[in-house]
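S.K.: To start, I am sharing the structure in question, which I have written as structure tokens.
Laboratory data are not the source of any read-out in this text; all were calculated from the coordinates shown. All values derive from a computational prediction rather than experimental measurement. As a convention, Cβ positions derive from the backbone with ideal geometry for all residues, glycine included, and neighbour counts pool all protein chains shown.
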Amino acid sequence: MTLLGGILTSLLISSGCTPTVKIEPPEKPIVINLNVKIEHEIKIKVDKELDDLLSNDELF
């Protein structure tokens, strides 16, 4: 009987030490402020001869 009593006592004591995790929603809503400015620049280098050829209306 003492062995059974010891096991029951140890189970009761160890059950009180189990960690608990609480997950609660926040009181205020989550605000994500996205101030994003996207700029892009495209640079095209054209060879002088190619530029002269394209400026001619005979090509197209």
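S.K.: Spin-label point model (7 Å from Cα, Cβ direction): what's the GLU27 to LEU11 distance in nm?
M.R.: 4.2
S.K.: Now for a separate question. So between LYS37 and ASP51, what do we pick up on full extension, going 0.36 nm a residue minus the alpha carbon distance?
M.R.: So the extension gain works out to 1.7 nm.
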